[in-house]
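Trainee: One structure, pasted below without further comment.
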Amino acid sequence: MSRHNRRRTRGGHKASAPCQHDAFELPPSADPPDPKLATARQGRRNPLSAKHWHSRYLAWQAREKKQREESERLKEERKRIFGGDGNNGEKEEEERLCLRMMDYFVRLDYLE
């Protein structure tokens, strides 16, 4: 028969552990670095990361251009199928387009 309610031995509570450092004193590892070194590091940039950023930026621009072209193509196709010249107000064009779409889908034979 095994013991089911065996107690585990654990370390004490965090609050009961003695404090390593004074509350108002920072450890030496937390001292700020030399300000001259910090400014020197900031002035120098990694050319590899700049190239990477530039390539990602170009890819993003190309993707956005492709999406705009696709959106325009779909808009033109929708106008070709359902009509509309785009010169009317947005609301009127939307209502007319909705009515034409409803007419189109009502006549559509789904069994074919």
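Trainee: List pairs: first in the stretch 82-104 and surrounded by 12 or more Cβ atoms within 10 Å (Cβ to Cβ), second at pLDDT 65 or above and not in a helix (DSSP H, G or I), Cβ under 7 Å, 6+ apart or cross-chain?
Mentor: If the second residue must be at pLDDT 65 or above and not in a helix (DSSP H, G or I), the pairs left are Arg100/Gly83.
Trainee: Additional query: Of everything in the stretch 29-71 that's acidic (Asp, Glu) and at pLDDT 95 or above, which residue is farthest from Leu97 (Cα to Cα)?
Mentor: Glu64
The values are calculated or read from the model by the stated rules, or taken from the named source; none is laboratory data. Everything quoted here is computed from the prediction, not taken from an experiment. Methodologically, a virtual Cβ is constructed for each residue, glycine included, from the backbone with ideal geometry; neighbour enumeration extends over all protein chains shown.
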